[in-house]
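**Q** Take this structure, written in structure tokens, and hold onto it; I'll ask about it next.
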Amino acid sequence: MEHKKCTGFEPSIGMTRRNFLNRFGGGLGGLALANMLHAESGGGLHHPAKAKRVIYLFQSGGPSQIDLFDHKPRLIEETGKELPDSVRKGQRLTGMSGNQASLPLVGSPFKFDRHGKSGQWISELLPNTAKIADDMCIVNSMYTEAINHGPGVTFMQTGSQLPGRPSMGAWLSHGLGSLNENLPNFVTLVTKNKGGQPLVSRLWGSGFLPGKHAGTRFRSNKDAILYLNRPNGVSKGSRRSVLNSLRELHEMQLERTGDRALETRIAQYEMGFRMQSSIPDVTDISKEPQSTFDLYGEDAKNPGTFAANCLLARRLAEKDVRFIQLYHKGWDQHGSLPGGIKKQCAETDRASYALVADLKQRGLLEDTLVIWGGEFGRTNYCQGKFNKDNFGRDHHPRNFSTWFAGGGVKPGITYGSSDDYSYNVAENGVHVHDFHATILHLLGIDHERLTFKYQGRHFRLTDVHGHAVKSILS
């Protein structure tokens with residue numbers, strides 16, 4: 001196997017890092033600009049890219065595919081009957097429902113209709129998402145080995161169930177470089193005031209890649225990034241002078257030690273200085289016209305809501321941020337699913353639709369890949385005592401749904417299918433590694449060639465298998 005990074009240069013033996021930086025590109029700033037232009041021109045790509053950037057709307061907790069996208073009339077007809085052994089096939093259940101004496105089937109109480117010219121099946125819970133049916137590729141055959149939240153979310157974000165690996169956004173930053181030297185390459189936005197399974201910073205971390213590739217979390221208060229603003233009484237000029245002196249000290253230390261972590265430190269100080277102007281600009285929505293809020297909803301004026309984060313994602317995409325990760329918690333409905341999923345959809349449906357529609361009207365959807373989905377799905381049987389009007393569903397990793405829009409994906413199609421009970425993949429399964437390989441392919445990367453050597457092994461996002469799902473590519 002050939003092991004290559006997509007971009008980047010290494011100094012020859014005997015050349016100090018400082019001399020290398022100064023010789024090629026006029027120091028660190030020149031190298032950053034050279035890398036940006038290199039990425040912009042497509043240098044280092046393994047094949048032509050169809051997408052330049054990604055917006056990943058991650059729905060943490062495991063949205064129920066049965067109640068949103070995977071229409072199952074037979075399951076509705078057999079509500080109350082036992083899950084057939086021929087369907088379960090002795091497969092593992094979680095400890096939360098594995099000891100139930102009965103596993104009664106429960107179909108969706110929500111109405112499904114076909115939408116758009118493509119006739120996509122979408123639940124009544126998502127009336128706005130249904131408006132972009134002809135822009136979406138719905139995959140109803142996702143599957144994973146992870147059956148609990150911690151490993152499941154980690155797997156979707158990093159390609160491994162074990163903590164410590166680089167996140168997808170970090171891999172893309174490492175492989176493709178930056179399109180905008182004044183903003184982070186990878187930004188994370190988390191819906192505020194949401195209960196549910198915890199989200200930890202390692203999910204958008206850089207793992208064993210250099211720290212500069214980690215996601216930068218934007219917060220919903222007046223300071224989007226902590227400690228970015230200058231203290232009172234400190235001018236821009238004096239801050240610049242301090243950074244210049246600090247850089248000289250770090251470069252002296254770098255020449256003596258060759259410690260590459262010092263490069264990251266220098267680059268991050270410089271980025272922080274530039275972001276003192278760029279961050280207030282990109283997060284200021286005061287100049288957005290009322291038509292924007294008519295599209296996203298008035299909730300978009302409330303920083304930290306899912307709607308506000310979707311609007312901010314569009315603004316970041318306009319500024320060519322490479323990877324924009326949104327997290328929305330609360331989809332873990334072990335009980336009271338009908339009421340809980342209605343609330344979740346009310347919080348996310350309009351803004352998800354608005355984001356795709358907004359990108360499309362601005363000419364950005366063509367090269368922006370939008371992804372919606374969680375870490376797994378929900379069971380077709382009731383968790384706990386059966387009540388067809390107020391039930392819960394357990395975790396289900398063997399098939400679940402996600403959707404893509406833009407970025408080189410075929411619009412208006414449904415790919416893959418589950419069985420009549422939405423319990424097992426019936427056709428065209430898409431594993432987590434296939435999911436990641438497809439995203440990398442759309443960005444111009446051969447997933448087998450984007451690697452990083454760590455502790456004697458060449459690691460990659462897709463571990464040791466996976467393939468790009470060519471059938472969904474336009």
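**Q** Once you charge only the Cβ atoms, +1 for Lys and Arg and -1 for Asp and Glu, what is the size of the charge dipole of segment 128-246 about its Cα centre, to the nearest 20 debye? All intermediate terms of the calculation are to be shown ahead of the outcome.
**A** On the way: 13 positive and 5 negative charges, 146 e Å.
Its charge dipole is roughly 700 debye.
**Q** Among DSSP beta bridges lying fully in the chain, give the percent that are antiparallel, nearest 5.
**A** Counting DSSP beta bridges with both partners in the chain, the antiparallel share is about 45 percent.
**Q** Let me ask you something else. Can you sort Lys453, Lys72, Lys388 by how many other beta carbons sit within 10 Å, fewest first?
**A** So the residues, fewest neighbours to most, are Lys453, Lys388, Lys72.
**Q** May I ask for log10 I(q)/I(0) of segment 187-267 at q = 0.19, 0.20, 0.24 Å⁻¹, from a Debye sum over the Cα atoms as equal point scatterers with solvent left out?
**A** Debye curve over Cα of segment 187-267, log10 I(q)/I(0) at q = 0.19, 0.20, 0.24 Å⁻¹: -1.03, -1.06, -1.16.
**Q** Treat every Asp and Glu Cβ in the chain as -1 and every Lys and Arg Cβ as +1, leave all other atoms uncharged, and give the resulting dipole magnitude about the Cα centre to the nearest 20 debye.
**A** Dipole size: approximately 1140 debye.
**Q** Further question: Using mean Cβ contacts within 10 Å as the protection proxy, how do 95-108, 53-66, 279-292 order, highest first? Walk me through the numbers on the way to the answer.
**A** Values: 95-108: 16.4, 53-66: 26.3, 279-292: 12.9.
Ranking the peptides 95-108, 53-66, 279-292 by packing returns 53-66, 95-108, 279-292.
**Q** While we're here: What is the fewest-to-most order of Met252, Met275 by other Cβ atoms lying within 10 Å of their Cβ?
**A** Lowest count first: Met252, Met275.
**Q** Take every Cα pair under 8 Å in the chain that's 6+ residues apart, average their separations, divide by the length, and report that relative contact order as a whole percent. Intermediate values should be presented prior to the final figure.
**A** Values: 984 pairs, mean separation 138.3, N = 474.
Once divided by the residue count of the chain, the mean separation gives 29 percent.
**Q** Right, here's the next one. Applying a 10 Å radius around every beta-carbon, put 391-402, 79-90 in order of their mean neighbour count, most first. Each step should come with its number before you reach the end.
**A** Values: 391-402: 24.6, 79-90: 12.7.
In descending order of packing, they fall as 391-402, 79-90.
**Q** OK, next. Taking only Cα atoms, what is the 0 to 90° angle, nearest 10, from helix 306-318's long axis to the longest principal axis of the chain?
**A** Helix 306-318 and the main axis of the chain meet at about 40 degrees.
**Q** Using the alpha-carbon atoms, what tilt in degrees (0 to 90, nearest 10) does helix 337-361 show relative to the longest principal axis of the chain?
**A** Orientation of helix 337-361: about 50 degrees from the principal axis.
**Q** Right, another one. Roughly how big is segment 329-474's charge dipole about its Cα centre, with Cβ charges of +1 (Lys, Arg) and -1 (Asp, Glu), in debye to the nearest 20?
**A** Values: 17 positive and 16 negative charges, 53 e Å.
Result for segment 329-474 is approximately 260 debye, rounded to the nearest 20.
**Q** Rounded to the nearest 500, what is the 222 nm mean residue ellipticity of the chain from helices alone, with -39500 (n - 2.57) per DSSP H run of 4+ residues and division by all residues?
**A** -10000 deg cm²/dmol
**Q** Run the reach check for Lys50 against aspartates and glutamates, Cα to Cα strictly under 17 Å, same-chain hits fewer than 8 apart removed. What comes back?
**A** Correct list for Lys50: Glu40, Asp135, Glu318, Asp320, Glu366, Asp367, Asp446.
**Q** Right, another one. Using a Cα-Cα cut-off of under 23 Å, which lysines could be cross-linked to Lys212, ignoring same-chain neighbours fewer than 8 residues away?
**A** Reachable lysines: Lys4, Lys5, Lys52, Lys319, Lys453.
**Q** Also, quick follow-up: Suppose the Debye formula is applied to equal point scatterers at every Cα of segment 241-383; what is log10 I(q)/I(0) at q = 0.09, 0.10, 0.20, 0.22 Å⁻¹?
**A** -0.46, -0.55, -1.17, -1.32
Laboratory data are not the source of any read-out in this text; all were calculated from the coordinates shown. All figures in this text were calculated on a predicted structure; none of them were measured in a lab. Glycine gets a Cβ as well: all are built from the backbone with ideal geometry, and neighbour counts include every protein chain shown.
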